[in-house]
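This report concerns only the one structure given below.
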Amino acid sequence: MNYFKLQKKIFYSLIIFFFLISKPIHSLEVEGIAKVIDGDTIVINKKKIRLFGIDAPELAQHCKKPWIQFNFVTLNKKYKCGLLAKEKLKKIISKNKIKCKGEKYDRYKRLIAICYKQEIDLNKWMVKNGLAVNYSKYSKKYISLEIHAKREKLGLWKGQFDKPWEWRKKNK
């Protein structure tokens, strides 16, 4: 067998091997009216969806925001930041049709997805408005929006809060 025929066979064998071992990536789409569970989880057509790349405060989580300022002294007030994140997400979604696009499920069988209300990326909107943070353990996609919200002191960034994953660790 000559050298070129051998190379050709190896090449075709590698292509066949690659297709046999690789899993095709299927984009999964869910569309419909959403029920908001919390600031980073919704349900559409009985399918639970976790908003990709973000982490919102837990429903039971409290944060602090400035209440009264005297010269250089600020008195803070506790508020239910997890509940606020849920309510703000609920408000922007309203009764509109939501479209979510994802590729995989998490260990809780939730589709990990980016969700849209028309052209609005809801994941992005939550971080941009300081209602959630970039979940850097899984993605860096929204880090610039988090920096913007922090610089502008929007939402959570007005006061003091534990990152949601830190709060969960402390409150198990």
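No value in this document is a laboratory result; all are computed from the given coordinates. Everything numeric in this text was worked out from a predicted model, so none of it was measured. Here the Cβ is made from the backbone with ideal geometry for all residues, glycine too, and neighbour counts use every protein chain on show.
Restricting the search to the range 156-172, which residues are in contact with a Cys (Cβ under 8 Å, 6 or more places away or on another chain) and either under 15 Å from Val127 (Cβ atoms) or surrounded by fewer than 17 Cβ atoms within 10 Å (Cβ to Cβ) (or both)?
The answer is Leu156, Gln160, Phe161.
Can you give me the number of residues within the range 74-83 that are out of contact with any Lys or Arg (no Cβ under 8 Å at 6 or more places or on another chain) and surrounded by 13 or more Cβ atoms within 10 Å (Cβ to Cβ)?
First, the residues of the range 74-83 that are out of contact with any Lys or Arg (no Cβ under 8 Å at 6 or more places or on another chain): 74-75, 80-83.
Subset that is surrounded by 13 or more Cβ atoms within 10 Å (Cβ to Cβ): 74, 80-83.
Result for the range 74-83: 5.
Can you tell me which condition Leu59 does not meet? The list is (1) under 13 Å from the mean Cα position of the chain (by Cα); (2) surrounded by fewer than 17 Cβ atoms within 10 Å (Cβ to Cβ); (3) within 13 Å of Asp38 (Cα to Cα); (4) not β-branched (Val, Ile, Thr), and all the others hold.
(1)
Checking Lys86 against (1) of a type in the set (D, E, K, R); (2) without any contact (Cβ under 8 Å) to a residue 24 or more places away in the chain; (3) crowded, with 19+ Cβ neighbours inside 10 Å, only one condition comes out false. Which one?
Here Lys86 meets the rest and fails (2).
Within the range 33-52, count every residue that is within 23 Å of Asn171 (Cβ to Cβ) and of a type in the set (Gly, Ala, Ser).
Residues meeting the conditions: 1.
Starting from residues that are without any contact (Cβ under 8 Å) to a residue 12 or more places away in the chain and not in a loop (DSSP other than H, G, I, E, B), keep the ones in the range 105-143 and report whichever is nearest to Gln160 (Cα to Cα).
Ranking the qualifying residues of the range 105-143, first place goes to Ile143.
For the range 134-147, state whether one or more residues are touching a strand residue (DSSP E or B) at 6+ places or on another chain (Cβ under 6 Å) and surrounded by fewer than 14 Cβ atoms within 10 Å (Cβ to Cβ). Please lay out each step first, then the result.
Pass one, the range 134-147, residues touching a strand residue (DSSP E or B) at 6+ places or on another chain (Cβ under 6 Å): 135, 142-143, 146.
Within this subset, residues satisfying the condition of being surrounded by fewer than 14 Cβ atoms within 10 Å (Cβ to Cβ) are none.
No, the range 134-147 contains no residue that is touching a strand residue (DSSP E or B) at 6+ places or on another chain (Cβ under 6 Å) and surrounded by fewer than 14 Cβ atoms within 10 Å (Cβ to Cβ).
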